Amino acid sequence: MLLQAQEAKAPFKYKDAAPKKHEIKARASQIDPKAKPHPEIGFVFEKDGKVSDYENACVDTRVPSQGKLVIWLMGHNAQLFDRVSSYGLHAIQVHYANGWFGEFGKEPAPADDKFLGKIRLEAATGEDFSPVVNIPKPDGMMERAYQFVKYLEKKNPEGNWGYFISEDGKGLRWDKVIISGSSHGSTTAARFAKHQKVDRVVMFCGPRDQYETWQALPSATPENRYFGFSHVLDGGWKGDHYCRSWELLGLNAFGPIVNVDKMPAPFGNSRRLITDADVKNDDKRAHSSVTPGGAAVKDASGKFIHESVWKYLFTHPVEKVGEAVAADPNCKKDLRSPKKN
């Protein structure tokens, strides 16, 4: 433990005699015997005869490390992991009890304007924040991530994953974590960062929870460390879900909304990025187009057009910010009310 603490304080170093990109895959239920399925919220280890609790990790020891760990809160995205590992970041995707949204994320909105936020926080922490779910610590994101990193330190010592374990050995060094996700995952990432200080939050096509106000709660993570990216044809953008979340998070203090197709990096140092790239007027494709993958937009040569955006979101110095702007009067903040506000 003392050695681990000493390593945590020292500059990051790989332990790889033959540097390469390492990709690791393992089942959460095998990593931690305390992990349990929760079929009552659609969270299981196997579905339709297929394993559903795989977790994925990636690190490229050929690239100088930034000493940061990306925790991705949606299904594994290999193309995203290719990129973040090329930036010198470690990355993991964890399988945790996040299947509750299909049960509770339905309209009409509950009277409690923090209802979904409480469930998100319980799913992320494994602590009792919501009366409608019972997610114990081993099945929350924090513990799943910690157990996976402990596993990786033994399974892939070349990547020096132990650097991200806290000095007391009881959890992760959250100040070294970049929490990220898309849609449902980006919303949970933002809610978690309100509760737990992290290095950075990267939010693709989100956050939503458009009838809630937890986005305006005091934040353990400084507001300049939140970064968002959305397509303007995404239903969440057209419905003011994202613009209101961004403003409630306080991101207008760090610059205007910037169209990345019209301004090059560093995008005025803004935290609020949008695109109107051609997605053939397909709102579903628009939703997914902001992350690397089949829906992302390519140029005539077949290259993704948002490579600089993805790198910016994960690596732009947080102390560099744009000039504050006023709240947008055309972005409806109270979506429970039929009137503009």
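If the condition is being outside any loop (DSSP other than H, G, I, E, B) and either surrounded by fewer than 17 Cβ atoms within 10 Å (Cβ to Cβ) or out of contact with any Lys or Arg (no Cβ under 8 Å at 6 or more places or on another chain) (or both), then segment 9-25 contributes K9, K21, H22, E23, K25.
Looking across segment 291-341 at every residue that is outside any loop (DSSP other than H, G, I, E, B) and among the aliphatic types (A, V, I, L, M), the one that is farthest from P64 (Cα to Cα) is identified as V309. Exactly one residue among V290, V309 is of a type in the set (A, V, I, L, M), touching a His at 6+ places or on another chain (Cβ under 6 Å) and surrounded by 13 or more Cβ atoms within 10 Å (Cβ to Cβ), and that residue is V290.
With respect to the conditions (1) touching a strand residue (DSSP E or B) at 6+ places or on another chain (Cβ under 7 Å); (2) surrounded by fewer than 17 Cβ atoms within 10 Å (Cβ to Cβ), A57 falls short on a single one, namely (2).
Can you name every residue in segment 211-220 that is surrounded by fewer than 22 Cβ atoms within 10 Å (Cβ to Cβ) and touching a Lys or Arg at 6+ places or on another chain (Cβ under 8 Å)? Result: Y211, T213, L217, P218, S219, A220. Selection of segment 250-288 for residues being of a type in the set (D, E, K, R) and either in contact (Cβ under 8 Å) with a residue 12 or more places away in the chain or part of a loop (DSSP other than H, G, I, E, B) (or both) yields D261, K262, R271, R272, D276, D278, K280, D282, D283.
Given the structure, is D278 over 16 Å from N330 (Cα atoms) and not hydrophobic (A, V, I, L, M, F, W, C)? Even if it seems obvious, please write down each step before you answer.
Values: over 16 Å from N330 (Cα atoms): yes; not hydrophobic (A, V, I, L, M, F, W, C): yes.
Answer is yes for this residue.
The single condition from (1) modelled with pLDDT under 95; (2) aliphatic (A, V, I, L, M); (3) under 20 Å from T188 (Cα atoms) that A10 fails is (3). Yes or no: segment 275-286 includes at least one residue that is crowded, with 16+ Cβ neighbours inside 10 Å, modelled with pLDDT of 95 or more, polar (S, T, N, Q) and under 24 Å from W214 (Cβ atoms). No, because not a single residue in segment 275-286 is crowded, with 16+ Cβ neighbours inside 10 Å, modelled with pLDDT of 95 or more, polar (S, T, N, Q) and under 24 Å from W214 (Cβ atoms). Can you find a residue that is over 21 Å from D240 (Cα atoms) and among the small types (G, A, S) anywhere in segment 272-288? Checked against the condition, which is being over 21 Å from D240 (Cα atoms) and among the small types (G, A, S), segment 272-288 yields no hits at all. Apart from one condition, Q196 fits all of (1) under 30 Å from D113 (Cβ atoms); (2) touching a Leu at 6+ places or on another chain (Cβ under 9 Å); (3) polar (S, T, N, Q); the exception is (2).
Taken over segment 26-42, the criterion of being surrounded by 21 or more Cβ atoms within 10 Å (Cβ to Cβ) and touching a Pro at 6+ places or on another chain (Cβ under 9 Å) is satisfied by A35 alone. The residue pairs whose first member lies in segment 145-162 and is closer than 21 Å to F192 by Cβ, whose second member is outside any helix (DSSP H, G or I) and aromatic (F, W, Y), and whose beta carbons are closer than 9 Å, counting only pairs six or more residues apart or on different chains, are A145/Y96. There is no residue in segment 183-203 that is more than 30 Å from P110 (Cβ to Cβ) and surrounded by fewer than 18 Cβ atoms within 10 Å (Cβ to Cβ). Tell me, please, whether a residue that is without any contact (Cβ under 8 Å) to a residue 24 or more places away in the chain, surrounded by 19 or more Cβ atoms within 10 Å (Cβ to Cβ), on the phi < 0 side of the Ramachandran plot and of a type in the set (A, V, I, L, M, F, W, C) can be found in segment 100-119. So far as segment 100-119 goes, yes, one or more of its residues are without any contact (Cβ under 8 Å) to a residue 24 or more places away in the chain, surrounded by 19 or more Cβ atoms within 10 Å (Cβ to Cβ), on the phi < 0 side of the Ramachandran plot and of a type in the set (A, V, I, L, M, F, W, C). Suppose the filter is part of a helix (DSSP H, G or I) and over 10 Å from the mean Cα position of the chain (by Cα); does D209 pass it? Judged against the criteria, D209 is not a match.
Looking across G75, G126, one residue alone is surrounded by fewer than 17 Cβ atoms within 10 Å (Cβ to Cβ) and out of contact with any Cys (no Cβ under 8 Å at 6 or more places or on another chain). It is G75.
What do you reckon, is K150 at pLDDT 95 or above, assigned to a helix (DSSP H, G or I), within 20 Å of Q215 (Cα to Cα) and over 15 Å from the mean Cα position of the chain (by Cα)? Let's see the steps before the verdict.
On the way: at pLDDT 95 or above: yes; assigned to a helix (DSSP H, G or I): yes; within 20 Å of Q215 (Cα to Cα): no; over 15 Å from the mean Cα position of the chain (by Cα): yes.
The answer is no for K150.
The values are calculated or read from the model by the stated rules, or taken from the named source; none is laboratory data. The model shown is predicted, which means the values in this text are computed figures rather than measured ones. Heads up, the Cβs are rebuilt from the backbone with ideal geometry, glycines too, and the neighbour counts pull from every protein chain shown.
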